[in-house]
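**Student:** Take this structure, written in structure tokens, and hold onto it; I'll ask about it next.
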Amino acid sequence: MANLALLFLFLFSFTVATTKADSFSRNLSPETLGLKREKLTHLHFYFHDTLSGENPTAVPVAQAATTNKSSTSFGLVVMIDNPLTVKPEVNSEQVGRAQGIYASASQSEISFLMAFNLFFTQGKHNGSSLSLLGRNSIFSGIREMPIVGGSGLFRFARGYAKAKTYMVNLKTNDAIVEYDVYVFHY
């Protein structure tokens with residue numbers, strides 16, 4: 001009888017523990033969170049990456065011991081707070097900022113790992129952001145990078161960004177990059 005009571009206690013404890021362990025997640029319908037029909041939005045802007053001058057918006061923050069010997073600057077990490085504008089001129093209307101990092105991640109070509117937020121400051125997207133994470137082979141014509149999330153109006157975002165170099169100064173490494181972003185969101 002004592003063995004039967006122990007077996008019952010063990011099975012009861014296992015059932016309670018299993019129930020508690022699985023209770024951290026549950027399936028929800030999108031309507032539960034007030035989400036309606038999914039939308040597709042196209043955004044077009046210019047990204048100003050300025051490493052030179054008195055007020056750079058891209059600042060090297062780390063590098064490997066071998067970075068200066070590398071033809072691709074492999075190991076270089078740059079922190080950015082770059083303006084996003086509606087036209088290629090830096091003094092045109094600013095619609096947001098690109099804030100995050102990029103790092104030289106290839107030993108065979110100039111290619112960056114891009115990890116930053118596109119934070120919007122104007123219009124109906126004011127206060128919303130998109131998160132971009134991807135590979136940017138900067139001397140390729142058009143590069144695609146994934147949009148992996150977002151906040152505000154871009155909650156549950158997914159999509160991709162197309163980047164095309166508009167202008168680069170090979171002496172200062174300053175660049176203006178045209179972006180077309182296509183994103184699904186609720």
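**Student:** Tell me which trypsin sites (Lys or Arg not before Pro) from segment 26-67 have a DSSP coil assignment and no more than 12 other beta carbons within 10 Å of their own.
**Tutor:** When the trypsin sites (Lys or Arg not before Pro) of segment 26-67 are filtered for loop state and at most 12 Cβ neighbours within 10 Å, ARG26, LYS36, ARG37 remain.
**Student:** Rank GLY34, HIS125, ALA98 by how far each Cα sits towards the positive end of the charge dipole of the chain (+1 on Lys, Arg Cβ; -1 on Asp, Glu Cβ) and give me just the farthest.
**Tutor:** Comparing the listed Cα positions along the dipole, GLY34 ranks first.
**Student:** Which whole-angstrom value gives the distance between the alpha carbon centres of segment 92-106 and segment 46-79?
**Tutor:** Segment 92-106 and segment 46-79 have Cα centres separated by 12 Å.
**Student:** Pairs of Cα atoms under 8 Å, at least six residues apart: use those to get the relative contact order of segment 36-163, whole percent.
**Tutor:** Once normalised by length, the contact order is 15 percent.
**Student:** Go through ASP81, ASP174 and list them by solvent-accessible area, largest first, probe radius 1.4 Å. Can you show the working numbers first?
**Tutor:** Numbers: ASP81 60, ASP174 25 Å².
The residues order as ASP81, ASP174, largest area first.
**Student:** Relative to the longest principal Cα axis of the chain, at what angle does helix 2-22 sit, 0 to 90 degrees, rounded to 10?
**Tutor:** On a 0 to 90 degree scale, this one is about 30.
**Student:** Another question, then. Given the options PHE119, PHE139, PHE45, state which has the largest fluctuation in a GNM of the chain using a 10 Å cut-off (strictly under) for Cα springs.
**Tutor:** Result for the chain, Cα springs under 10 Å: PHE139 fluctuates most.
**Student:** From largest accessible area down, sort ILE101, ILE147, ILE176, ILE142; use a 1.4 Å probe on the protein chains. Walk me through the numbers on the way to the answer.
**Tutor:** On the way: ILE101 60, ILE147 5, ILE176 25, ILE142 105 Å².
The residues order as ILE142, ILE101, ILE176, ILE147, largest area first.
**Student:** With a/c under 1.5 counting as rounded, go ahead and sort segment 61-113 into rounded, prolate or oblate using the C-alpha gyration tensor (a ≥ b ≥ c being the square roots of the eigenvalues; past the cut-off, prolate if a/b is larger than b/c, else oblate).
**Tutor:** prolate
**Student:** Per DSSP H run of at least 4 residues, take -39500 (n - 2.57); add these up for the chain, divide by its residues and hand me the 222 nm value, nearest 500 deg cm²/dmol.
**Tutor:** Computed ellipticity for the chain at 222 nm equals -4000 deg cm²/dmol.
**Student:** Given the options SER108, SER71, SER29, state which has the largest fluctuation in a GNM of the chain using a 10 Å cut-off (strictly under) for Cα springs.
**Tutor:** Result: SER29 has the largest fluctuation of those listed.
**Student:** Quick check on the chain: what are the equivalent-ellipsoid semi-axes from the Cα gyration tensor, as sqrt(5λ), descending, whole Å?
**Tutor:** Equivalent-ellipsoid dimensions as semi-axes: 45, 24, 13 Å.
**Student:** When the scattering of segment 50-153 is computed by the Debye formula from its Cα atoms alone, each counted once and equally, what is log10 I(q)/I(0) at q = 0.11, 0.12, 0.24 Å⁻¹?
**Tutor:** For the requested q values the scattering log ratios are -0.39, -0.46, -1.35.
**Student:** Let me ask another. Mind listing which GluC sites (Glu not before Pro) in segment 83-186 are in a DSSP loop and have 15 or fewer other Cβ atoms within 10 Å? The partial results should precede the final answer.
**Tutor:** Numbers: sites: GLU89, GLU93, GLU109, GLU144, GLU178; in loops: GLU89, GLU93, GLU109.
Sites meeting the loop and neighbour criteria: GLU89, GLU93, GLU109.
**Student:** With the chain treated as a Gaussian network of Cα nodes joined by springs under 10 Å, which of LEU132, LEU40, LEU28 yields the largest mean-square fluctuation?
**Tutor:** Judging by the Gaussian network model, the answer is LEU28.
The values are calculated or read from the model by the stated rules, or taken from the named source; none is laboratory data. From a predicted model like this one, the values you see are computed outputs, not experimental measurements. Cβ atoms come from the backbone with ideal geometry, glycine included; neighbour counts cover every protein chain shown. For accessibility, only protein heavy atoms count, side chains too; no ligands or nucleic acids. Shrake-Rupley method; radii C 1.70, N 1.55, O 1.52, S 1.80 Å.
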